[in-house]
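Chemist: My questions will all concern the structure given below.
The values are calculated or read from the model by the stated rules, or taken from the named source; none is laboratory data. Everything quoted here is computed from the prediction, not taken from an experiment. Quick reminder, even Gly has a Cβ in these numbers, built from the backbone with ideal geometry, and neighbours come from all protein chains shown. For the accessible areas, the whole protein counts, side chains as well, though only heavy atoms, and no ligand, DNA or RNA atoms are used. Shrake-Rupley method; radii C 1.70, N 1.55, O 1.52, S 1.80 Å.
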Amino acid sequence: MSLRSLWGHFGDLETLFAVTGAELMRRQVDAYEPIDPSLPLEERIDAYCRQRAEMLEYIAPFARSSEIRVPFSRELQRNRVRYLDRARYEIRALFSDQFEGVDGTVRTHIENLLGVSTTWPTWVSLRDVLRLPVPEAVEVMKRSVSALLAEASGAGRQQAVARVAQEKAAVAPHRRAQQSRPVPAVTPREQVVVPA
């Protein structure tokens, strides 16, 4: 496509970035194959990380070329947020069982960390900065995802134990009050003689 043809369709770079970002997102959504959430955790993590790596390798040329313009482009910044939101959506759908009982703030923090761990900024660090081959980069991603999900699951258990302790503490004063009430003295009954 010639530059003249390109600018005939798009009046400015922001419009071009918006259309390109929407098209990349559409392709990702089309290529997405849901992973069965009933699979064992390790299998889900493995499948998810391999799928993310495949998608990140697919967008790599586009992401690298836009990297220099991101600080100056609202549309490229929006695209990044959309990709992160998409990753968090997939994480919520696939790993919801690991977040059972987790406090909302902790859940949000861990979902954000998982999103960042499985999107372009981390992937480019693994691939371009550390120069890891794809299989090694996938293994690093899997370790990160596994550790964060273990933290979520542990937080859920800790919070459940804390809730039970709070419930017991709330009931304890009531029980102590019942136990500390004076017990009325029982006097022996007088022997009643029934006439024959």
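Chemist: Pick from region 77-112 the residues that are among the β-branched types (Val, Ile, Thr) and open to solvent by 50 Å² or more (accessible area, probe 1.4 Å): which of them is farthest from ALA18 (Cα to Cα)?
Modeler: If we take residues in region 77-112 being among the β-branched types (Val, Ile, Thr) and open to solvent by 50 Å² or more (accessible area, probe 1.4 Å), then THR105 is farthest from ALA18 (Cα to Cα).
Chemist: Turning to a different aspect of this structure: Just one of the numbered conditions (1) at pLDDT below 75; (2) open to solvent by 70 Å² or more (accessible area, probe 1.4 Å) is not true of ARG143; which one?
Modeler: If we test ARG143 against (1) at pLDDT below 75; (2) open to solvent by 70 Å² or more (accessible area, probe 1.4 Å), just (1) comes out false.
Chemist: Another question, if that's okay. Identify all residues within region 19-57 that are modelled with pLDDT of 90 or more, in a helix (DSSP H, G or I) and either charged (D, E, K, R) or open to solvent by 80 Å² or more (accessible area, probe 1.4 Å) (or both); write none if there are none.
Modeler: Across region 19-57, the qualifying residues are GLU42, GLU43, ARG44, ASP46, ARG50, ARG52, GLU54, GLU57.
Chemist: Which of (1) of a type outside the set (Phe, Trp, Tyr); (2) farther than 28 Å from PHE99 by Cα; (3) part of a helix (DSSP H, G or I); (4) at pLDDT 95 or above does GLN178 not meet, given it meets every other one?
Modeler: (4)
Chemist: Which residue, of ARG131, ARG127, is on the phi < 0 side of the Ramachandran plot and either open to solvent by 50 Å² or more (accessible area, probe 1.4 Å) or aliphatic (A, V, I, L, M) (or both)?
Modeler: ARG127
Chemist: ALA93 passes all but one of (1) touching a residue at least 24 places away in the same chain (Cβ under 8 Å); (2) touching a helix residue (DSSP H, G or I) at 6+ places or on another chain (Cβ under 9 Å); (3) assigned to a helix (DSSP H, G or I); which number fails?
Modeler: (2)
Chemist: Also: Six or more apart or on different chains, Cβ under 9 Å: which pairs go from a residue in region 27-45 that's within 23 Å of GLU57 (Cβ to Cβ) to one that's in a helix (DSSP H, G or I) and of a type in the set (S, T, N, Q)? Could you list them?
Modeler: ALA31/GLN51; TYR32/GLN51; GLU33/GLN51; ILE35/GLN51; GLU42/SER146; ILE45/SER146
Chemist: What are the pairs, 6+ residues apart or on separate chains, where a residue within region 112-140 that is without any contact (Cβ under 8 Å) to a residue 24 or more places away in the chain and closer than 22 Å to GLU90 by Cα has its Cβ under 9 Å from a residue that is outside any helix (DSSP H, G or I) and not acidic (Asp, Glu)?
Modeler: Correct list of pairs: LEU126/LEU132; GLU139/LEU132; VAL140/LEU130; VAL140/LEU132.
Chemist: Next question. For region 96-143, which residues satisfy the criterion of being in contact with a Phe, Trp or Tyr (Cβ under 6 Å, 6 or more places away or on another chain) and not charged (D, E, K, R)?
Modeler: The answer is THR119, and nothing else.
Chemist: Restricting to region 58-76, what's the tally of residues that are open to solvent by 40 Å² or more (accessible area, probe 1.4 Å) and in a loop (DSSP other than H, G, I, E, B)?
Modeler: Of the residues in that region, 3 qualify.
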